[in-house]
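Bear in mind these aren't lab numbers, they're just calculated from the coordinates by the rules spelled out. Model, not experiment: these values are computed from the prediction. Heads up, the Cβs are rebuilt from the backbone with ideal geometry, glycines too, and the neighbour counts pull from every protein chain shown.
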Amino acid sequence: MKYLFILPGLLLVLFVVVYPTAFLYYTSLTDFRMGRPATHFIGLDNFIKVLGDPFFWNSLRATVVFALTTVPIECILGLLIAMACANIRSERLSTILRPILVFPVMLTPVVVGMIWVILFNPDYGIVNIALNMFGLTSIPFVSDPFWAPIVVALVDVWQWTPFFMLILTSGLYAIPSEYLETAKVDRLTSWMTFRYVILPFLLPLITFTLLVRLIDAFKIYDVIYIMTYGGPGISTEVLSFRIWKNMFLERSVGYAAAFSIYLLLIVVILANLLQKVIKKVMR
Amino acid sequence: MITLRVSLRKWVSWIVLGLFVVWSLFPLFWTVLTSFKTIGQVYAVPPLIVFPPTLDNWDYVIRYTEFPRFYLNTLIIAGLSTLLSMTLGLFIAYALARFDIKRKDDIAFFILSQRIIPPATLVIPFYVLFITLGIMDTYWALILPYSVVNLAFSTWILRSLIEEIPSELDDSALLDGASILDVLREIIVPQISIGFVATAVFIFALSSNEYFLASLLTGYRARPVSVAVTMFLPVGVRGAMPGPASVASILMLLPSMMLFTFFQRYIVRGLTFGIVRR
């Protein structure tokens, strides 16, 4: 009887996830292409081909560089802002301030991409107009292989720093005040208070949030598609984007499936780390 | 000396916060401005902050494009998937919180792991599966995937919420002859109503913001607004339309922002997965 409760939900998950995932594994072992009538079982050929594919390594590089730049910056900035927020004693102000500071997190990534693409537009974008006013020439941000990844990273930092700020603020408020009082009584400098009192308390929370954001960063697709379409060239072609290209532009489904499994592998490893951290944090 | 250091820190904090607020709000502010500008005013140098506004862009988007229909699509898709995942999630969460089921934690983790899967890995099987089932470009093409991913979230949160309610309440009601459905309806849901609503709001926002699956599993009929908004981007021969694009962006953001303002205190809890207890 009690299993009846879980049954509908599990059925849904089974049908919508387990079956397609099984299908994915099976397809990765074939040479299924859309529009081709026959498919053959080719074993691990796809997986070997992926490892030899320069596009795979490029997209891996792009994704890793992206994730490893944006997430630490968001963490550090978020921490700074959270500390600044905690220094402001007024309760009323922080209830007004908090929603304002945090709202970028609630926005649709697609819309965020659109807003920023307009801001960075070479002809009428406010950023370039400001540059011109200071005597500098316009930079075609989105079409420049150097600037494009930076712009995309910037947008991600804009949107997700408040995520860190929000969580770390709750963490800061959870520090028992006795520790902070003792630090003040012992005449610790701000830096020492931070290093020996605040940081140890926040470390589990920071690790948790870092991993959550890292996993999300590996899956990024929306903003890239809207702002740079993987370009210019392939400088911002992240893993999810490359998979999409393989599947829908080059129509090689089997190959794309193998690609996806590599991505899944990376994310699963990160998620396992996350699970261990959760267990530790939950005491 | 100490007072000087304290007030210096306060000053710095204020400046830092001030900069951050400007940094966060400026893009939105500029988008709102742009939505009221004619194309000439958009290109103006120096950039215009005060100018005679025009409603042309708004008129265009609301009356001459199919944007409103896409908006309705989003409401239906996000609404139904939220309903589905909250209901199923409630049942599963209750079972996990109250019943003694074998391998309970494994099941819990299995459901949670659905959120971790990159959509890129799901889209291929979905595409083929839904074509076979004939539900491509219908609402169900998105409602099913969203419900599953959201189920992870709702189960996780609802479970921890239910666990905070003492089970004695349930037990006494059950002893008095109530069915489990009664217990859910009369006891559990009222007790967790705030968290329940906050989670539902968060899931709704998440579903209406999704782009990847939406762009690939729907065509013209069931397309939600998260994809439709891209019709205003310059692509190929279609030139730049900063005015209408800004209008579309704002229209898309309005529900999220309104919902967020009302429920922000509880959404914080949702984001932190209840890890940090006040």
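Structure data summary
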item: Residue-averaged 222 nm ellipticity for chain A, from DSSP H runs of 4+ at -39500 (n - 2.57), nearest 500; result: -22000 deg cm²/dmol
item: Furthest towards positive pole of dipole, B:Ile49, B:Ser179, B:Ser24, structure part chain B, Cβ charges; result: B:Ile49
item: At R0 = 41 Å, FRET efficiency that the Cβ-Cβ distance of B:Ile165 and B:Ala44 yields, to 0.05; result: 0.10
item: Span-like helix ranges in chain A, DSSP H, alpha carbon extent 24 angstrom or more, Kyte mean at least 0.5; result: A:54-87, A:147-173, A:199-218, A:253-281
item: Length gained when the stretch A:Val65-A:Tyr196 is fully extended (0.36 nm per residue, less Cα-Cα span); result: 44.1 nm
item: Estimated dipole of segment B:98-177 in Debye, rounded to 20 [Cβ of Lys and Arg +1, of Asp and Glu -1, Cα centre]; result: 480 debye
item: Where trypsin sites (Lys or Arg not before Pro) fall in DSSP loop in segment A:123-227, at most 13 other Cβ within 10 Å; result: A:Arg187
item: Total charge dipole magnitude, segment B:46-143, about the Cα centre, Cβ charges on Lys, Arg, Asp, Glu only, Debye to nearest 20; result: 400 debye
item: Shielding of A:116-127 by partner chains, average beta-carbon count, 10 Å; result: 5
item: Helix-derived mean residue ellipticity, 222 nm - over chain B, DSSP H n ≥ 4, -39500 (n - 2.57), to 500; result: -22500 deg cm²/dmol
item: In segment B:45-114, trypsin sites (Lys or Arg not before Pro) in a DSSP loop with at most 13 other beta-carbon atoms within 10 Å; result: B:Lys102, B:Arg103
item: Nitroxide proxy distance, nm - points 7 Å out along Cα→Cβ at A:Val18 and B:Phe26; result: 5.2 nm
item: Local electrostatic count, A:Leu29, Cβ distance below 13 Å [Lys/Arg +1, Asp/Glu -1]; result: -1
item: Lysine pair number, Cα distance threshold 30 Å (strictly under), segment A:142-283, separation 8 or more or different chains; result: 5
item: Selection from A:Tyr179, B:Phe262, A:Leu131 lying farthest towards where the dipole of the protein assembly as shown points positive, charges on Cβ; result: A:Tyr179
item: Neighbour cut-off at most 16 other Cβ (10 Å), DSSP loop, GluC sites (Glu not before Pro), segment B:118-202; result: B:Glu164
item: Angstrom value of the Kirkwood radius, inverse mean 1/r, which spans all Cα pairs in the protein assembly as shown; result: 25.4 Å
item: Rounded to 10°, Cα long-axis angle of helix B:2-35 versus longest principal axis of chain B; result: 70 degrees
item: Inter-label distance for B:Leu181 and B:Leu19, nm, one decimal - labels placed 7 Å from Cα along Cα-to-Cβ; result: 6.0 nm
item: B:Phe29, A:Phe134 arranged by Cβ crowding within 10 Å, fewest neighbours leading; result: A:Phe134, B:Phe29
item: Nearest-0.05 FRET efficiency for B:Leu72 and A:Ser143, computed from C-beta distance (R0 45 Å); result: 0.80
item: Distance between segment A:143-178 and segment A:245-262 - C-alpha centres, whole angstrom; result: 32 Å
item: For A:165-171, mean number of other protein chain Cβ atoms within 10 Å; result: 4
item: Within segment A:40-169: Cβ-based charge dipole about Cα centre, in debye rounded to nearest 20 (Lys, Arg +1; Asp, Glu -1); result: 380 debye
item: Amide H contacts under 5 Å for A:Thr30, placed H, 5+ residues apart; result: A:Ile42
item: Mean-position separation - Cα centroids, segment B:50-108 and segment B:137-161, in angstrom; result: 9 Å
